[in-house]
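*Asks:* First the structure, then my questions, so here it is.
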Amino acid sequence: MTAMALALVPAILDRLASNVPGITAWQDWTRKPENAGEILVFEAFVTTGVSDGHAEDAKLAAYAARDVLAQATPASGLGEEPCMSMLGAALLHAGISDEIDELRRQCLVVKLSKTNLSIRQ
């Protein structure tokens, strides 16, 4: 799965950049999008349970991220682990961020177990 993401995420972000003029994106989950063309990106670990496909898992992850971000102090499922962010590199590669700190920024990681779903859709 990681190998697929290393190819797919940059391709998706490149496509967004070419189709949405002026798009910007970031990983800092304390900064909420306020305008059209602004995107907060996050990672998702959707585990267990029967999969209805990647699109359905992505939808469930988006709902879970919404719930995490609605908390008074949202926290990443990864904790405070330092990292070299491949997602940040993909943002820079696509040209939808010019903040070099994206390479070191921790992103929001949403962990979702389909066996314990309590997501409000």
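*Asks:* Looking at Ala94, Ala75, Ala70, Ala55 in this structure, which one is at pLDDT below 95, closer than 19 Å to Ala5 by Cβ and among the hydrophobic types (A, V, I, L, M, F, W, C)?
*Replies:* Ala55
*Asks:* Then there is this: For segment 65-79, name all the residues that are over 18 Å from Arg31 (Cβ atoms) and over 13 Å from the mean Cα position of the chain (by Cα).
*Replies:* Asp67, Gly79
*Asks:* Would you call Glu34 modelled with pLDDT of 90 or more, among the acidic types (Asp, Glu), in contact with a strand residue (DSSP E or B) (Cβ under 9 Å, 6 or more places away or on another chain) and over 20 Å from Met4 (Cα atoms)?
*Replies:* no
*Asks:* Starting from segment 14-40, keep only residues that are over 14 Å from Leu69 (Cα atoms), then list their pairs with residues that are open to solvent by less than 40 Å² (accessible area, probe 1.4 Å) and of a type in the set (S, T, N, Q) whose Cβ atoms are within a distance under 8 Å, requiring at least 6 positions of separation or different chains.
*Replies:* Pairs that qualify, where the first residue is over 14 Å from Leu69 (Cα atoms) and the partner is open to solvent by less than 40 Å² (accessible area, probe 1.4 Å) and of a type in the set (S, T, N, Q), are Thr24/Ser97; Ala25/Ser97; Trp26/Ser97.
Residues are listed down the side, and each one gets a yes or a no for (1) of a type in the set (A, V, I, L, M); (2) more than 21 Å from Leu16 (Cα to Cα); (3) touching a Phe, Trp or Tyr at 6+ places or on another chain (Cβ under 9 Å):
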residue: Ala61; (1), (2), (3): yes, no, yes
residue: Ala70; (1), (2), (3): yes, yes, no
residue: Gly79; (1), (2), (3): no, yes, no
residue: Leu87; (1), (2), (3): yes, no, yes
residue: Gly95; (1), (2), (3): no, no, no
residue: Ile100; (1), (2), (3): yes, no, no
residue: Arg104; (1), (2), (3): no, yes, no
residue: Cys107; (1), (2), (3): no, no, yes
residue: Val110; (1), (2), (3): yes, yes, yes
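The values are calculated or read from the model by the stated rules, or taken from the named source; none is laboratory data. Because the structure is a prediction, the values reported are computed rather than measured. Quick reminder, even Gly has a Cβ in these numbers, built from the backbone with ideal geometry, and neighbours come from all protein chains shown. Just the protein is used for accessible areas: all its heavy atoms, side chains included, with ligands, DNA and RNA removed. Shrake-Rupley method; radii C 1.70, N 1.55, O 1.52, S 1.80 Å.
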